[in-house]
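Participant: My questions will all concern the structure given below.
Just so it is clear, none of the values below were taken in a lab; they were calculated from the coordinates. If you're wondering where the values come from, they're calculated on a predicted model, not measured in any experiment. All Cβ positions, even for glycine, are placed from backbone atoms using ideal geometry, and neighbour counts span all protein chains on display.
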Amino acid sequence: MSMMGCATPEGTARYGERFRDSAASDHFRHAQNLWLSSIGIGTYLGNWDETTDRRYIDAVARTIELGANVVDTAINYRFQRSERSIGQALRRLISEEAKFARDELVICTKGGYLPFDGAPPTDARRYVEDTFVHKGVANFSDIVAGSHCMTPAYLQNQLNESLANLGLSCIDVYYIHNPETQLQEVSHEEFDDRLQIAFERLEQNVAEGKIKHYGVATWNGFRVPTNAPGYHSLERMVGLAREVGGRDHNFRFIQLPFNLAMPEALVTYNQTLQGTRVTVLEAAHTLGLTVVASASLLQGKVAFGIPEAIRGPLGSLSTEAQTAIQFVRSTPGINTALIGMSRRAHVEENLQLTRVPPVSLEDYGRLFEQGAK
Ligand SMILES: NC(=O)c1ccc[n+]([C@@H]2O[C@H](COP(=O)([O-])OP(=O)(O)OC[C@H]3O[C@@H](n4cnc5c(N)ncnc54)[C@H](OP(=O)(O)O)[C@@H]3O)[C@@H](O)[C@H]2O)c1
């Protein structure tokens, strides 16, 4: 039995109320008529084994217990095991223990990469043939770079699989995963056509109640210069969404990497809004989209050796990881900093930040002055 429903304004506000006495101001942020925590759990890294499954089930449950209601995954993470682990954590918290309700939580996943099923198959081509080609889900000609597909039929199949893995009737944010991968093989014109029919299908799924919002989760697309082959224009993407969904289209989230070593979203003027150069964070704000940061710790690498000139303005926090996360969640325009956490100890360390307000704009500015010295 699926857990029914999705995140709602009332449910996410109720979740915030649970932490009224402990959560710092601006830990919960109002976005797309929901209350989202400034920290979310990601589930990308880790082995495809039962030990890691058990760790993620525990880490996701502990994250929700400690005050973060944003959970991020993708169907291909750990060969579908991350989605299934999240499904188990949710079942425990919602159905078995009745500690939380479905409408309090914002569950996000992605489709685009061809996922294996639990473990890598011995013959990958045969697996793709059996799972996708023979079933009419996708042809080899639909697959780009040997790994990526975003045709409407394929995304529909993947969305249905994600719902089953997560045990949900509705996903709050469904991202097309790294769409820039398509630009390795197709022109920008062809890419726009593909994205538009993908958005059209996602709008249909919103109408059917299978997803609440959709978006794109990118790695390079919003960070690279305008003339780079994998560049994405957010204004253009929103234009495509408006063409298929009207002014009230549901393309409302973007995800991009942002951390102390990858600050491009804040500092690179690679987007255009009605002819004016802006950053992607400014473009998203003006276009009414919510930005979620991935890789907040640069996959664990920026949790070590942060200089005092950066630690000070960020509040001289107890640990390097907390400092790195504080940078991301304090950045104007970033709603939620995702941190991959498969270990309870990391959840408990990082979630201490729910009690700490993000740094003021003044301190944030000081960070750049000092960092420049
Ligand atoms: N293109 C995309 O769509 C895209 C790309 C990358 C990431 N994402 C999303 O963003 C999420 C976050 O990114 P990420 O997982 O790649 O990288 P990350 O959050 O930058 O780093 C995760 C790594 O940091 C470790 N860690 C967590 N807390 C720590 C602490 N307090 N001290 C030391 N190490 C700590 C984790 O270890 P443990 O696992 O051992 O706890 C894990 O190895 C992903 O999980 C995924 O959901 C999306």
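Participant: Each residue of region 114-119 in turn: what ³J(HN,Hα) in whole Hz from Karplus with 6.51, -1.76, 1.60 and θ = phi - 60°, glycine and Pro shown as x?
Facilitator: 5, x, 7, 10, x, 7
Participant: What does the charge count around Val292 come to, taking other residues whose C-beta lies under 13 Å from its C-beta (Lys +1, Arg +1, Asp -1, Glu -1)?
Facilitator: Residues close to Val292 contribute a combined charge of +2.
Participant: Quick one: net charge around Ser330, please, counting Lys, Arg +1 and Asp, Glu -1 for every other residue with C-beta under 14 Å from its C-beta.
Facilitator: After counting each charged neighbour, the total is +1.
Participant: Which percent, nearest 5, of DSSP beta bridges in region 184-297 are antiparallel?
Facilitator: 30 percent
Participant: Between Ala124 and Leu361, what is the label-point separation in nm under the 7 Å Cα-to-beta-carbon projection?
Facilitator: It is 4.8 nm.
Participant: If you don't mind, there's one more thing I want to ask. Could you give the length gained by full extension between Glu10 and Gln352, i.e. 0.36 nm per residue of separation minus their alpha carbon distance, to one decimal place?
Facilitator: Gain in length upon complete extension: 120.6 nm.
Participant: Order the peptides 186-193, 327-334 from the highest to the lowest mean number of other Cβ atoms within 10 Å of their residues.
Facilitator: 327-334, 186-193
Participant: Placing unit charges on C-beta atoms (Lys and Arg positive, Asp and Glu negative, everything else neutral), compute the dipole magnitude of region 9-372 about its Cα centre in debye, rounded to 20.
Facilitator: Using Cβ point charges on Lys, Arg, Asp and Glu, region 9-372 gives about 560 debye.
Participant: Out of the DSSP beta bridges found with both residues in region 9-372, what percent are antiparallel (nearest 5)?
Facilitator: Expressed as a percentage, antiparallel bridges in region 9-372 total about 25.
Participant: Relative contact order of the chain: what whole-number percent is it, with Cα pairs under 8 angstrom and at least 6 residues apart?
Facilitator: Relative contact order comes out at 19 percent.
Participant: Same structure again: Using each residue's phi in region 154-168, evaluate 6.51 cos²θ - 1.76 cosθ + 1.60 at θ = phi - 60° and report the 3J(HN,Hα) Karplus result to the nearest Hz, with x for Gly and Pro.
Facilitator: Once rounded to whole Hz, the list reads 5, 4, 4, 4, 5, 4, 4, 5, 4, 4, 5, 4, 7, x, 10.
Participant: Provide the packing ranking of 291-297, 200-206, i.e. peptides ordered by the mean count of other C-beta atoms within 10 Å per residue, highest first.
Facilitator: Result, highest mean first: 291-297, 200-206.
Participant: What is the sum of charges around Ser342, taking Lys and Arg as +1, Asp and Glu as -1, for the other residues whose C-beta is under 15 Å from the C-beta of Ser342?
Facilitator: 0
Participant: Roughly what % antiparallel, to the nearest 5, for the DSSP beta bridges in region 1-125?
Facilitator: 40 percent
Participant: How much mean residue ellipticity at 222 nm does the chain get from its helices, if each DSSP H run of length 4 or more adds -39500 (n - 2.57) and you divide by all residues, to the nearest 500 deg cm²/dmol?
Facilitator: -10500 deg cm²/dmol
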